[in-house]
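**Student:** Please see the structure below; I have some questions.
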Amino acid sequence: MTMKSRSRPISVLSHLPLLVALAFPFGAAAESETETPIVAQSQTVGPILADAFEQSGRVWKRNAMAYARLPVRSEIGKAVTTFTLDGEGKPAAASEAEIHENSVIVRDMRPIVGAVYREYLMSREAWFEVFGLMADTLTFHSYQSVQTLRVLTVDEALLAALGSQYGQSVQLNSSDFPGAGADSGSHTQVITLSLGDRVTDSGVIVSPEVLEKDYSPQDIAPEA
């Protein structure tokens, strides 16, 4: 009698490890390409960023207001104590700073509790940079900040122009940004730009929460 050989049915489950092994490297490679930042070519970065900020950058004005005054002569050399709230909600000394002739005494608009205000010192140069008017009285007056930021939202087009593929993040120098100072090359920093980041023209990444809380847009958002 002739014996017939039986064919063993092919089980899909028995091939799953092979299928997974074949599929995984491609997925891992695509993921690593997206996650690994590339380094932008420095000779082309500056013009690309300048054009992007010119076309799509938005101006945001700081909402800050503060009281300020100059110190009287008898206060020079004395200390200003900055108060904060402790764990029980009571005012507690956080720091002290010595008053100089170049100091501006700054006070928050609202007390931290009761009649206790947070007061601190700024140099006259730093005060003027933020508020645009020099405090020139010995009594507190209110001032509105004139400080603005030009902010750009990083999109796929910008990343691609900087050499990115598949949405990769891009590394570049802070000195490449159009708002960087002329002496920024001596203390340049490496900035990593990712899709959706908000970055200023001086190369500082700002969170959307900070922008919405502390700044107001001064122009119309560019069309997408």
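The values are calculated or read from the model by the stated rules, or taken from the named source; none is laboratory data. Quick caveat, the model's predicted, so the values are computed rather than measured. To get the accessible areas, we keep the full protein, side chains included, count just its heavy atoms, and leave off ligands, DNA and RNA. Shrake-Rupley method; radii C 1.70, N 1.55, O 1.52, S 1.80 Å.
**Student:** Amide H of residue 201: which non-local residues (sequence gap of 5 or more, or other chain) have their own amide H closer than 5 Å, using H built in the peptide plane?
**Tutor:** 150
**Student:** Please turn the phi angles of segment 49-56 into ³J(HN,Hα) values with the Karplus equation 6.51 cos²θ - 1.76 cosθ + 1.60 (θ = phi - 60°), one per residue in order, whole Hz, x for glycine and proline.
**Tutor:** 5, 4, 5, 5, 5, 5, 7, 10
**Student:** Using amide H atoms built 1.01 Å from N in the peptide plane, name the residues 5+ places from residue 173, or on other chains, whose amide H lies under 5 Å from its own.
**Tutor:** 191
**Student:** Just to check I understand the Karplus step: with θ = phi - 60° and J = 6.51 cos²θ - 1.76 cosθ + 1.60, what whole-Hz values come out for segment 190-206, glycine and proline as x?
**Tutor:** 8, 10, 10, 9, 10, 4, x, 4, 9, 10, 7, 6, 9, x, 10, 7, 10
**Student:** Please turn the phi angles of segment 94-99 into ³J(HN,Hα) values with the Karplus equation 6.51 cos²θ - 1.76 cosθ + 1.60 (θ = phi - 60°), one per residue in order, whole Hz, x for glycine and proline.
**Tutor:** In residue order, the calculated couplings are 9, 6, 9, 9, 7, 7 Hz.
**Student:** Give the carbon-plus-sulfur fraction of the accessible surface of segment 102-224 in %, rounded to a whole number; probe 1.4 Å, heavy atoms of protein chains only.
**Tutor:** Percent of accessible area from carbon and sulfur atoms in segment 102-224: 51.
**Student:** Using only alpha carbon pairs under 8 Å that are at least six residues apart, calculate the relative contact order of segment 91-224 and give it in whole percent.
**Tutor:** RCO, segment 91-224: 16 percent.
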